[in-house]
Amino acid sequence: MDRSNVIKLIKETKTKDEIGQLISQETEKQVYCDIWSIQREEWAEAGRNGFRPIFDFVIFAPDYEGEKIVEFEGNRYGVYRTYIGKNERVHLYTEAKGGA
């Protein structure tokens, strides 16, 4: 794993303000990753389940804390599935994130 690409992992949390409205806050961190193409089987199965797969980002497991948004080259992608691989790697299967 050469980890030559940088992505941002974005965690979204919701809190209530003083009048009870939900406020969305984002925290982000940069991590190094490999980028893999989505395999044909994954693309077909995800499509059947309503997802639009685009990238498989591979990062080290200690870097991942359940974030559901990945930003790469100014574009945001939603994490629809994760897979824990060998050697403490996590695959983040992502789709195009509408409205972001």
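The values are calculated or read from the model by the stated rules, or taken from the named source; none is laboratory data. Quick caveat, the model's predicted, so the values are computed rather than measured. For neighbour counting, all protein chains shown are included, and Cβ atoms are generated from backbone atoms with ideal geometry for every residue, glycine included.
Could you tell me which residue of the stretch 11-50 is surrounded by the fewest Cβ atoms within 10 Å (Cβ to Cβ), considering only residues that are in contact (Cβ under 8 Å) with a residue 12 or more places away in the chain and of a type in the set (Lys, Arg)?
Lys29
Mind checking which residues of the stretch 50-59 are within 11 Å of Cys33 (Cα to Cα) and either at pLDDT below 95 or not hydrophobic (A, V, I, L, M, F, W, C) (or both)?
To start, the set of residues in the stretch 50-59 that are within 11 Å of Cys33 (Cα to Cα) comprises 56-59.
The answer is Asp56, and nothing else.
Give just the number: which of (1) aromatic (Phe, Trp, Tyr); (2) modelled with pLDDT of 90 or more; (3) crowded, with 16+ Cβ neighbours inside 10 Å does Tyr83 not satisfy?
(3)
How about the stretch 14-100: which strands (runs of 3 or more DSSP E) wholly inside it have at least 2 residues that are more than 10 Å from the chain's Cα centre (by Cα) and either under 20 Å from Ser4 (Cα atoms) or among the hydroxyl-bearing types (Ser, Thr, Tyr) (or both)?
Correct list: 22-36, 53-60, 75-84, 89-96.
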